[in-house]
Amino acid sequence: MTTAIPVDYPICLRLEGRRVLLVGGGAVAEGRALALLEAGARLQLVAPTVTQTLAKLAGEGRLDWVPRTYEDGDTRGHTLVLTATDDASVNQRIVTEARARGLWVNTADEPELCDFTLPSVERRGPITVAVSTAGQAPALARHLRRVLAAHIAPHHVLLARLSGWLRRQLPRGPRRQLLLKRLAEGDLGVLLARGEQARAFARLRTELKHWKSSGEPT
């Protein structure tokens, strides 16, 4: 009988300024460290040896490297815990301690020891494409992520940034929602896709003028 795989609840975490513990210093740990630093996490790395890139990041002060093996109590004070070691007993100790403290933990290549999984991620400006297979098929997730990300064009990035600016400028409500939908799905996107930015922004100015004067988008 096939065992049902639990369905993950997808979220995007805001880690800016939050303390995150990463145990391990190899290539897998390096990839995770780079992603965590990109997200603005305050990263503490525990490992007796690390890759050249991780050592360089530590030397630049971008992460705090503790050059030793994991010790009980290392999870204290952190928001999130990730482990990327080849020692199953160490991984289990980390998971047990993290969960006892109410912390979410991820263990590389051991889905059963994960409270969350890490999707395969590609970014284009503010747009993030993330594909998850619930830890079952990472290679497939990477392949699908590349396929999907290939459909994100430069005008999509511009639309996302423009939408963010409008959300900050205009009051909330159904009128703003309708305008942003027209921006994403209507003529403005088509014009930007064609590279006709002057016409697109002229159209947007007209939209905003009518939006403010008549109370309804054109």
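Some notes on this structure:
- Residue within region 208-218 that is open to solvent by 80 Å² or more (accessible area, probe 1.4 Å), of a type in the set (Ser, Thr, Tyr) and either part of a helix (DSSP H, G or I) or touching a helix residue (DSSP H, G or I) at 6+ places or on another chain (Cβ under 9 Å) (or both) present: yes
- Breaking point among (1) over 16 Å from Asn106 (Cα atoms); (2) of a type outside the set (Ser, Thr, Tyr); (3) surrounded by 21 or more Cβ atoms within 10 Å (Cβ to Cβ), for Leu80: (1)
- Val129, sole failed condition from (1) without any contact (Cβ under 8 Å) to a residue 40 or more places away in the chain; (2) outside any helix (DSSP H, G or I); (3) hydrophobic (A, V, I, L, M, F, W, C); (4) closer than 17 Å to His78 by Cβ: (4)
- Restricting region 3-57 to residues that are among the hydroxyl-bearing types (Ser, Thr, Tyr) and closer than 18 Å to Ala108 by Cα leaves a set whose member that is farthest from the chain's Cα centre (by Cα) is Thr49.
- There is at least one residue in region 154-161 that is out of contact with any strand residue (DSSP E or B) (no Cβ under 6 Å at 6 or more places or on another chain), at pLDDT 90 or above, under 30 Å from Thr79 (Cα atoms) and not in a strand (DSSP E or B).
- Residues satisfying the criterion are absent from region 39-57 (criterion: modelled with pLDDT under 95, of a type in the set (Lys, Arg) and surrounded by fewer than 16 Cβ atoms within 10 Å (Cβ to Cβ)).
- Pairs are defined by a Cβ separation below 9 Å, a sequence spacing of at least 6 or placement on different chains, a first member in region 4-15 that is at pLDDT below 90, and a second member that is outside any loop (DSSP other than H, G, I, E, B); the pairs so defined are Ile5/Pro111; Pro10/Ala130; Cys12/Thr128; Cys12/Ala130.
- Failed item, numbered, when Trp104 is tested on (1) farther than 30 Å from His78 by Cα; (2) open to solvent by 40 Å² or more (accessible area, probe 1.4 Å): (1)
- Looking across region 130-143 at every residue that is surrounded by fewer than 17 Cβ atoms within 10 Å (Cβ to Cβ) and of a type in the set (A, V, I, L, M, F, W, C), the one that is modelled with the lowest pLDDT is identified as Ala134.
- Boolean, Ala149 is surrounded by 16 or more Cβ atoms within 10 Å (Cβ to Cβ) and either charged (D, E, K, R) or touching an Asp or Glu at 6+ places or on another chain (Cβ under 9 Å) (or both): yes
The values are calculated or read from the model by the stated rules, or taken from the named source; none is laboratory data. Please read all numbers here as calculations on a predicted model, not as lab measurements. Cβ coordinates were reconstructed from backbone atoms using ideal geometry, including for glycine residues, and neighbour counts include every protein chain displayed. Only protein heavy atoms, including side chains, enter the accessible area calculation; ligands, DNA and RNA are left aside. Shrake-Rupley method; radii C 1.70, N 1.55, O 1.52, S 1.80 Å.
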